[in-house]
Structure formats: C-alpha cells, structure tokens
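Only one structure is covered here, and it is reproduced in the block below.
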Amino acid sequence: MIAFIIRRLLQSIIVMVAVAAVSFTLFRFVGDPVNSMVGQEASIADRQALRDSLGLNDPILLQFARFMGNAAQGEFGISYRLQMPVTELILQRLPATIELALVSGFLAFVVGLSLGVYTALRRRGVMSNIIMTGSLIGVSLPTFLIGVLLIWVFAVELRWLPSNGRGEVVALGDWWSTGLLTHSGRLALILPAITLGLYQMTLIMRLVRAEMLEVLRTDYIKFARARGLSARAINFGHALKNTLVPVITITGLQLGSIIAFAIITETVFNWPGVGALFINSVRFVDVPVMAAYLMMIALVFVVINLIVDLLYYAVDPRLRVDRAGKAH
Amino acid sequence: MADPLLSVRDLVVEFPTRRGTLRALDRVSFDIMPGEVLGMVGESGAGKSITGAAIIGLIEPPGRIAGGEIRLKGERIDNLRPYALRKIRGKRIGMVFQDPLTSLNPLYTVAQQLIETIRTHIDCSEAEARKRAVALLDRVGIPAAERRIDDYPHHFSGGMRQRVVIALALCAEPELVIADEPTTALDVSVQSQIIEVLKDICAERGAAVMLITHDMGVIAETADRVAVLYAGRMAEVGPVREVITEALHPYTQGLMGSIPTLTQESDRLVQIPGSMPRLNAIPQGCAFNPRCDRAFAPCFTDRPDLLSPEAGRQVACWLHDPAKAQEVPHG
Ligand SMILES: Nc1ncnc2c1ncn2[C@@H]1O[C@H](COP(=O)(O)OP(=O)(O)OP(=O)(O)O)[C@@H](O)[C@H]1O
Ligand code: SF4
Ligand SMILES: [Mg+2]
C-alpha cells in the first residue's frame with residue numbers, strides 16, 4: 001500500500017515537472033513579457049534594464065530552476081495586466097470555479113449514474129430509448145450553445161434564473177467565498193452547473209449503461225440469479241458495485257476536465273472564476289497568469305488521479321497485495 | 001416405482017433470430033428420481049446447458065420455453081412468476097456452472113456471498129449464517145475454512161473456487177443440483193476430486209444431481225442413469241451400466257466406442273463420421289440420419305419418438321420400433 005502510494009506520488013511529480021517545462025517555455029518564449037509591461041515609447045536601455053531585473057538574461061536552465069522553485073512555493077510572479085501577484089489573483093477566483101465544478105460534477109455523477117442504471121435495466125423500454133436519444137443531443141451540442149440556449153429560455157424568455165455572475169456571496173474564512181449560502185447565489189449556480197455538467201452527465205450515463213450491460217452478462221451475475229438472490233440484490237448490489245469500478249476512474253478524471261472545461265461556461269455566464277481569468281489573460285498575453293493556470297489545471301488532474309487510484313484500490317480487492325501463500 | 005423428483009415432458013426451447021426461429025430443444029423428455037445422479041451427455045451444441053437453464057428458469061430472452069412442461073415433485077415450475085421462481089432457484093434447485101474463475105463475484109468475499117445466499121433462503125441471523133457457511137466450506141474440503149472464508153475469490157485456486165461454488169449451490173439444501181460441466185475448466189489433477197466432493201455431499205443430503213458433461217468416463221464412474229442428447233432431441237435414456245455395455249441408439253453406440261477406458265480392444269474405438277447438424281439445418285425424420293450407417297426408409301421421413309423397448313430404458317430410433325423394424329433391410 002505504502003509502496004503503491006510512493007510510486008504514484010513519484011509519477012505525479014514527473015508529470016508536474018513536465019507540465020512545468022511546458023509552462024516555462026510558454027512563459028519564456030510566447031510573446032515578449034517586456035513588451036507587455038512597458039509602453040511603446042520605452043527606450044532599448046530601459047528594456048534591457050527590465051530584462052536584467054526580471055532575470056530574463058540568465059541561462060535558460062537557471063531560469064527554469066528558478067521558475068520551478070517559485071512554482072513549488074506557489075509563486076508565479078506578478079500579472080502583467082493587473083499588476084497583482086498571480087497566486088493571489090487565482091486564489092481569489094478559485095472558489096467560484098471549484099464550487100461550480102463540484103456542483104456540476106456531483107449533478108453529472110448522480111443523474112448520469114441513475115439514468116445509466118435505469119436504461120441498462122430497462123434496456124428495451126420506451127423511456128430508455130427516449131433518454132438514449134436525448135443523450136446523443138447532450139454529447140453532440142457544444143457547451144456554449146447549450147449555455148446560450150439555457151440563457152435564452154430560462155433567463156430571457158421565462159426570467160426565472162439569472163444569466164450572469166455568481167449572485168451574492170458569503171465569505172467563509174479568509175480565502176473562501178461561497179454562493180451556496182444565499183438564495184441568489186444558488187439561483188445563479190443552476191444554469192452554469194447544468195451547462196458545464198451536461199456533457200459529462202451524458203458521458204457517465206452512457207458509460208454506466210455500457211458497463212452495467214456488460215456486467216449483467218457475466219457468469220457471476222448468472223450464478224447470483226441461479227442462487228435465487230432478489231433482483232434488487234443482484235442489480236443494485238452485485239451488478240452496480242462491479243459497474244462502479246471502471247466508472248469511478250472515468251468520473252474522477254471527468255472532474256478534472258470539468259474544471260478545465262469551465263473556461264467556456266464561465267465565459268458564457270460571466271462567472272467570476274479562474275477560467276474567465278485565463279481567457280482574459282490570453283487576450284492580453286498575460287503569460288504569468290497563463291503559466292500558473294496551466295500548472296494549476298495539471299495539479300488538479302494529478303491530485304484527482306491520485307484520489308481515483310486510491311478509491312479504485314479501496315473498491316477492488318484484486319488490486320490489494322496478496323497475502324503470502326494464499327493462492328492454494 | 002417412486003415418483004420422480006423432476007419430470008421434463010416434451011420441452012421445447014426456441015430462440016427467435018433474424019433468420020427464423022431456432023429450436024434448441026425439441027420435445028425433450030426425461031425424469032430425475034430423488035437422490036439419483038443423472039448424467040447428461042451430448043456433443044457441443046446438443047442443448048445440454050439450455051436444458052439446465054430451462055429447468056432453473058434462466059433461459060436468456062429472447063429465448064423462451066415454447067412448449068412442454070417441467071415439474072418439480074409434481075408442481076409445474078416452467079411458468080412461474082419471478083417471485084415464485086426465486087423460491088426455487090438456490091432453495092430447491094442449486095446450480096454449479098462450468099467456470100469457477102468467473103462464477104464468483106470478485107468484489108465480495110466468500111463469506112459475504114455465502115451469507116447473502118443463506119440468508120436469502122433461510123431465516124437466520126448473520127452469525128448463524130456464518131457458522132453454517134464455515135461448516136459448509138469445511139465439508140467441501142476448504143482447509144482452514146474459518147480463516148479462509150473472509151478471503152476474496154481471487155485468493156483461491158480454480159479447484160478451491162469450484163468447491164466454494166459447490167458450497168454456494170448447496171447452502172440452502174436443494175433437492176436437485178444441476179452441475180453444468182463442473183470440471184471442464186479445471187486442471188485435470190483436481191477434476192476427479194471435485195466430482196467426488198459433489199457426489200458425496202449430494203448423496204449425504206439426499207440431493208439428486210443432473211451432471212452435464214462431455215466426459216463419458218465421468219458418467220460411467222458417477223452417474224446412476226444417463227441421458228443422451230443429440231441436436232436438441234433426446235436420443236437415449238437408461239441406466240449407465242446398461243447403456244455402456246449395450247447401447248440401443250446408433251449414436252450412443254458410437255459415443256460409447258469413444259471411451260478408451262471402457263473398451264479394452266482398440267477396434268471398438270469407432271469414430272462417428274460427420275458432425276452434428278446446425279439447428280437451422282436439421283434433416284427431416286431422424287436428426288441423426290446423415291451419420292447413421294443403419295438408417296432405413298422411415299428414418300428419412302418420420303421423426304422417431306422416445307419409446308421403451310425394455311423396462312427402465314428409452315430410445316428414439318426406428319430400429320427399436322417393432323412396427324417399423326420389419327422394414328429393416330436384412331444383410
Ligand atoms: N442465445 C442464443 N441464441 C441463439 N441460439 C442459442 C443461444 N444459446 C444457445 N443457443 C443454441 O442452442 C444450442 C444448444 O446450446 P447449449 O449451450 O445448450 O449446448 P451444449 O450442449 O451445452 O454445448 P456445450 O457442450 O458446448 O456446452 C446451440 O446450438 C446454440 O447455438
Ligand atoms: S432412427 Fe434411423 S437414422 Fe435415426 S438412429 Fe435409428 S436407424 Fe439411425
Ligand atoms: Mg454447455
């Protein structure tokens with residue numbers, strides 16, 4: 001178990017170093033940071049002085065080492081555009097994104113799982129066919145279109161829900177703010193959460209359905225039926241548990257892509273999260289913010305991956321180390 | 001004679017397919033007496049597994065029982081509602097499948113699977129179910145059952161897993177156990193032990209066994225009576241000794257010829273030429289006629305039904321029909 005965790009941690013570190021290299025390359029070579037920081041009329045000498053003070057004339061490896069060292073301490077420099085420490089900027093906006101991602105991930109998982117199980121058990125039912133056809137629309141419509149449609153119906157036509165912003169937020173401690181505690185915050189969350197989660201929901205639903213149908217065909221399910229276990233025990237005990245093993249992995253990884261995909265949803269709904277921050281930083285070639293965002297997304301993926309592996313390990317006894325001399 | 005425990009009459013099982021309906025079983029009839037071991041033999045695709053599945057109500061849709069009846073102690077069980085069927089499955093009829101590696105749910109311990117099954121059928125506490133489960137594992141020959149019961153299936157070897165499967169099939173003390181090729185997937189070295197455990201434990205509890213196998217040697221050593229299936233039809237049923245020494249059906253004669261242990265002289269090792277017809281190409285008359293070297297006129301027009309030329313024996317072959325046999329060409 002410990003060896004397993006250490007191995008996975010090492011892998012995670014390698015991944016992070018690789019992403020850091022990409023971020024650094026971006027940081028160092030995309031656009032000229034000096035251009036973004038000074039006006040058109042700055043002299044060559046001014047520029048040189050700035051380059052020196054930023055360390056941009058040091059050897060590349062030294063610069064990379066410095067970048068990594070800073071990154072490890074959560075230090076990504078100052079935003080060119082907003083003239084604030086990047087880390088502070090991101091931390092300010094992170095709660096909005098995480099709240100949105102968790103709510104839509106939860107929604108996607110719960111609804112996707114229920115619909116997947118339902119359509120697998122009622123394979124030939126009319127309702128199942130309707131759901132399956134509907135899910136095709138879910139996977140094929142682009143996120144921004146879904147967002148715009150939802151805004152049009154629920155915000156513009158029906159005027160039930162707001163179409164932009166986070167509503168009222170409440171500060172929890174020094175660095176967290178939540179919209180879940182206010183009425184307007186919850187209302188504001190509904191449309192973005194649906195928009196962001198819909199794609200993952202249909203994905204999870206189709207995955208659960210396919211896995212469940214597969215599991216229902218296995219010998220151990222036949223044997224469970226032959227032993228007279230109730231349909232409930234078979235479907236929701238034996239079959240569902242075995243279905244969940246692969247589903248957990250994919251769903252966990254989906255949470256990572258939900259955070260990454262949040263860029264589009266945040267833009268459509270004017271959601272004050274890190275995705276919107278990233279889009280603006282791209283527009284202004286605010287490289288420190290872009291580099292930090294990249295590292296943050298990578299970190300999210302790596303951490304989620306680690307958690308998923310541990311979960312997998314907890315669910316599937318076959319992965320646990322065999323006790324010596326047991327296989328007889 | 002005592003009443004049969006299980007009585008199958010004119011059982012028809014059909015699978016609708018895009019190219020017409022396949023009859024996997026065509027008017028199959030046989031009985032199983034209380035406590036006896038009935039061997040069920042036949043080539044691959046003859047319908048042995050389908051027969052077992054039909055009895056326990058596990059034919060996969062769209063397959064269905066299209067005719068005939070199955071009675072357990074006189075009660076019909078082929079048309080039960082799911083709820084009533086569950087009182088039979090596991091409780092009165094146990095089932096052992098071919099592959100112990102895939103028969104057990106990998107995510108549950110042996111204890112969890114046994115206790116769940118016991119408590120489904122017998123009203124008892126968790127602790128009591130566990131005690132029963134340990135005793136049962138001990139009985140089927142799992143060493144240190146008390147400790148091993150909390151292991152997962154993948155901690156056991158194939159032979160040991162099949163013992164667990166047998167324990168699961170027997171945990172509610174069924175009157176009949178259907179064992180569908182219980183040793184085919186196992187290492188040769190443990191096959192006879194598994195058959196022995198199955199046979200002994202069933203004998204002890206007075207459970208009858210329907211033993212499905214390809215292996216005539218196993219039938220000869222284990223079964224009381226044998227039923228021979230061919231292309232979804234019953235060819236011959238009778239006491240093992242008699243069928244082995246003096247088979248009535250030309251197909252059975254060929255089968256018996258292929259057990260080396262029972263035939264000293266190698267010239268009796270006849271191979272039946274040809275292969276069993278596919279379900280969509282069963283010839284008119286006797287299904288065996290293309291391969292039968294004794295076929296005569298009626299074999300190509302009329303299907304022979306099971307008839308009983310001697311007490312306790314049945315055969316479906318025109319050679320044994322006194323009325324038709326007169327037409328048999330001599331020479
Ligand atoms: N789901 C199905 N759809 C169509 N035909 C089927 C289906 N299941 C079984 N059959 C057919 O029924 C026939 C009998 O199958 P069965 O599994 O009973 O054979 P078997 O005697 O057990 O053979 P084996 O020794 O290979 O296990 C086969 O010809 C098979 O093709
Ligand atoms: S009925 Fe005819 S074809 Fe069939 S086994 Fe008997 S002799 Fe052969
Ligand atoms: Mg079979």
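The values are calculated or read from the model by the stated rules, or taken from the named source; none is laboratory data. For clarity, every value in this text was computed on a predicted model and none was experimentally measured. All Cβ positions, even for glycine, are placed from backbone atoms using ideal geometry, and neighbour counts span all protein chains on display. Accessible surface is based on the protein model in full, side chains and every heavy atom, while ligands, DNA and RNA are left aside. Shrake-Rupley method; radii C 1.70, N 1.55, O 1.52, S 1.80 Å.
Within the range B:273-331, being within 23 Å of the chain's Cα centre (by Cα) and open to solvent by 90 Å² or more (accessible area, probe 1.4 Å) holds for B:Arg278, B:Ala311. For the range B:55-91, filtered to residues that are aliphatic (A, V, I, L, M), under 18 Å from the mean Cα position of the chain (by Cα) and assigned to a strand (DSSP E or B), the residue that is nearest to B:Asp26 (Cα to Cα) is B:Ile65.
Of the residues making up the range B:271-323, those that are within 13 Å of ligand 2 (Cβ to nearest atom), farther than 22 Å from B:Asp10 by Cβ and either within 14 Å of chain A (Cβ to nearest Cβ) or part of a helix (DSSP H, G or I) (or both) are B:Pro290, B:Arg291, B:Ala297, B:Phe300, B:Leu319.
The condition (being open to solvent by 30 Å² or more (accessible area, probe 1.4 Å), on the phi > 0 side of the Ramachandran plot and in contact (Cβ under 8 Å) with a residue 24 or more places away in the chain) is satisfied by just one residue among B:Gly42, B:Gly35: B:Gly35.
For every residue, the table says whether it meets (1) within 14 Å of chain B (Cβ to nearest Cβ); (2) in contact with a helix residue (DSSP H, G or I) (Cβ under 6 Å, 6 or more places away or on another chain).
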{"residue": "A:Gly147", "(1), (2)": "no, yes"}
{"residue": "A:Arg159", "(1), (2)": "no, no"}
{"residue": "A:Trp176", "(1), (2)": "no, yes"}
{"residue": "A:Leu187", "(1), (2)": "no, no"}
{"residue": "A:Ile190", "(1), (2)": "no, no"}
{"residue": "A:Met201", "(1), (2)": "no, yes"}
{"residue": "A:Leu213", "(1), (2)": "yes, yes"}
{"residue": "A:Lys222", "(1), (2)": "yes, no"}
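Here B:Asp99, B:Asp151 are screened, and the one residue that is touching a residue at least 40 places away in the same chain (Cβ under 8 Å), surrounded by 17 or more Cβ atoms within 10 Å (Cβ to Cβ) and within 16 Å of ligand 1 (Cβ to nearest atom) is B:Asp99. Could you say whether any residue in the range A:226-234 is of a type outside the set (Phe, Trp, Tyr), open to solvent by less than 70 Å² (accessible area, probe 1.4 Å) and in contact (Cβ under 8 Å) with a residue 60 or more places away in the chain? No - not one qualifying residue is present in the range A:226-234. Highlighted here are the helices (runs of 4 or more DSSP H) found entirely within the range B:128-235 that include at least 2 residues which are closer than 25 Å to B:Leu5 by Cα: B:158-170, B:188-205, B:216-222. Summed over the range A:112-138, residues that are in a helix (DSSP H, G or I), more than 25 Å from A:Ala260 (Cα to Cα) and open to solvent by 70 Å² or more (accessible area, probe 1.4 Å) total 6.
Per this entry, A:Phe109 is not counted among residues that are modelled with pLDDT of 80 or more and open to solvent by less than 50 Å² (accessible area, probe 1.4 Å). Just so you know, in the range B:172-188 the residues that are touching a helix residue (DSSP H, G or I) at 6+ places or on another chain (Cβ under 7 Å) and free of Cβ contacts under 8 Å to residues at least 60 places away in the same chain include one that is nearest to B:Arg139 (Cα to Cα), and it is B:Glu173. Test A:Ile297 against the criterion of being part of a helix (DSSP H, G or I), surrounded by fewer than 18 Cβ atoms within 10 Å (Cβ to Cβ) and in contact (Cβ under 8 Å) with a residue 12 or more places away in the chain, and give yes or no. Taking the combined requirement at face value, the residue does not satisfy it.
Going by what's in this entry, would A:Phe109 be described as part of a helix (DSSP H, G or I), of a type in the set (Phe, Trp, Tyr) and touching a residue at least 60 places away in the same chain (Cβ under 8 Å)? Yes: the conditions hold for A:Phe109.
Of the residues A:Gly167, A:Gly197, A:Gly185, the single one that is farther than 14 Å from A:Ala96 by Cβ and open to solvent by less than 70 Å² (accessible area, probe 1.4 Å) is A:Gly197.
Kindly check whether there is at least one residue in the range A:3-13 that is surrounded by fewer than 14 Cβ atoms within 10 Å (Cβ to Cβ) and under 21 Å from the mean Cα position of the chain (by Cα). Yes: one or more hits. The conditions are (1) of a type in the set (A, V, I, L, M); (2) free of Cβ contacts under 8 Å to residues at least 40 places away in the same chain; (3) open to solvent by less than 20 Å² (accessible area, probe 1.4 Å), and B:Leu80 fails exactly one of them. Which is it? Condition not satisfied by B:Leu80: (3). Step by step: first the residues of the range B:118-135, then only those that are open to solvent by less than 60 Å² (accessible area, probe 1.4 Å) and in contact with a helix residue (DSSP H, G or I) (Cβ under 6 Å, 6 or more places away or on another chain), then the one that is farthest from the other protein chains (Cβ to nearest Cβ). Which residue is that? If we take residues in the range B:118-135 being open to solvent by less than 60 Å² (accessible area, probe 1.4 Å) and in contact with a helix residue (DSSP H, G or I) (Cβ under 6 Å, 6 or more places away or on another chain), then B:Val134 is farthest from the other protein chains (Cβ to nearest Cβ).
Among the criteria (1) surrounded by fewer than 18 Cβ atoms within 10 Å (Cβ to Cβ); (2) more than 12 Å from every other protein chain (Cβ to nearest Cβ), the one A:Trp271 does not fulfil is (1). Filtered by the rule that a residue be within 11 Å of another protein chain (Cβ to nearest Cβ), at pLDDT below 90 and buried (at least 21 other Cβ atoms within 10 Å of the Cβ), the range A:235-258 gives a lone residue, A:Leu244.
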